[in-house]
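Participant: Here it is: the structure, laid out below.
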Amino acid sequence: QTSAPKPTSGFYNQNQNVGNAEIVGVEFQSDLQILQSLNVFVNYTYTVGRYFDLPATLATTPAAQAGDRMPNIAPHHINAGATYYLLKDLSLHARVNYVHDRETIAMNPVRSVPGYVLLHANIRWENLGMQGFFLQLMVKNLFNQLVFDPGIRTANGGYYPTQHPLEGRNIWLTAGYKF
């Protein structure tokens, strides 16, 4: 919980608290080595937030459509993936990320932003040519899906974009040396 001074006018930047908030969550995580050459993982997060002690001077509420629920927080996140070692120092990794639907602020004409599933992949070669040198090729959003996050710029909800597109497919080639 945080406590903020009570606002006295109608416009606030995102960095000014308008009341108090409480966010509660739980997370589960598991990492398993199935075979000498195969590791798998999964994690799940549940999160819920609410506002309280919002001042009566607010022209609009930063809460979700009904009640005091905190908007823009996906209640469910799931991540799962596997790493397979073709050779001792050459690995293939794939993971999937799921983000549940998100409710938006009460003043947003887009009432909710759909959830999404994204797939990412990575190939990494350690000790390539010499000890410590590595080369990695990573592809995020492998299928180039168009997905969105809720948009909000001010704490009172008075000025906002309705939703933001997330990055499409992007490819990273990294060469590095571990000391």
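The values are calculated or read from the model by the stated rules, or taken from the named source; none is laboratory data. Keep in mind that this is a model prediction, so the values were computed, not measured. All Cβ positions, glycine included, derive from the backbone under ideal geometry; neighbour counts span all protein chains shown. Remember, those area values only see protein heavy atoms, side chains included, never the ligands or the DNA or RNA. Shrake-Rupley method; radii C 1.70, N 1.55, O 1.52, S 1.80 Å.
Participant: Which of (1) open to solvent by 30 Å² or more (accessible area, probe 1.4 Å); (2) in contact with a strand residue (DSSP E or B) (Cβ under 9 Å, 6 or more places away or on another chain) is the odd one out, the single condition Q131 does not satisfy?
Facilitator: Result: Q131 fails condition (2) only.
Participant: Filter segment 86-95 for residues that are modelled with pLDDT of 95 or more and assigned to a loop (DSSP other than H, G, I, E, B) and give the result.
Facilitator: Result: D89, single match.
Participant: While we're on this one: Of (1) in a strand (DSSP E or B); (2) in contact with a His (Cβ under 8 Å, 6 or more places away or on another chain); (3) open to solvent by 50 Å² or more (accessible area, probe 1.4 Å), N122 satisfies all except one. Which?
Facilitator: All conditions are met except number (3).
Participant: Please work out which residue is nearest to the chain's Cα centre (by Cα), limiting yourself to segment 52-85 and to residues that are in contact (Cβ under 8 Å) with a residue 40 or more places away in the chain and in a strand (DSSP E or B).
Facilitator: A80
Participant: Can you find a residue that is touching a strand residue (DSSP E or B) at 6+ places or on another chain (Cβ under 9 Å), surrounded by fewer than 17 Cβ atoms within 10 Å (Cβ to Cβ) and farther than 30 Å from F179 by Cβ anywhere in segment 79-89?
Facilitator: Yes, segment 79-89 has at least one match.
Participant: Look through F143, F134 and report the one residue that is within 24 Å of V40 (Cβ to Cβ), among the hydrophobic types (A, V, I, L, M, F, W, C) and in a loop (DSSP other than H, G, I, E, B). Outline the logic, then answer.
Facilitator: Working: F134 fails: in a loop (DSSP other than H, G, I, E, B).
Sole residue among the options that is within 24 Å of V40 (Cβ to Cβ), among the hydrophobic types (A, V, I, L, M, F, W, C) and in a loop (DSSP other than H, G, I, E, B): F143.
Participant: Give me a count of the residues in segment 139-165 that are open to solvent by 40 Å² or more (accessible area, probe 1.4 Å) and either acidic (D, E) or at pLDDT 90 or above (or both).
Facilitator: 8
Participant: If you go through segment 13-29 one residue at a time, do you hit one that is loosely packed, with under 10 Cβ neighbours inside 10 Å, at pLDDT 80 or above and either touching a strand residue (DSSP E or B) at 6+ places or on another chain (Cβ under 7 Å) or outside any strand (DSSP E or B) (or both)? Break it down into steps so the answer makes sense when it comes.
Facilitator: We begin by selecting, within segment 13-29, every residue loosely packed, with under 10 Cβ neighbours inside 10 Å; these are 15, 24, 26.
From what is left, the residues that are at pLDDT 80 or above are 24, 26.
Checking which are either touching a strand residue (DSSP E or B) at 6+ places or on another chain (Cβ under 7 Å) or outside any strand (DSSP E or B) (or both) leaves us with 24, 26.
Yes, segment 13-29 contains a residue that is loosely packed, with under 10 Cβ neighbours inside 10 Å, at pLDDT 80 or above and either touching a strand residue (DSSP E or B) at 6+ places or on another chain (Cβ under 7 Å) or outside any strand (DSSP E or B) (or both).
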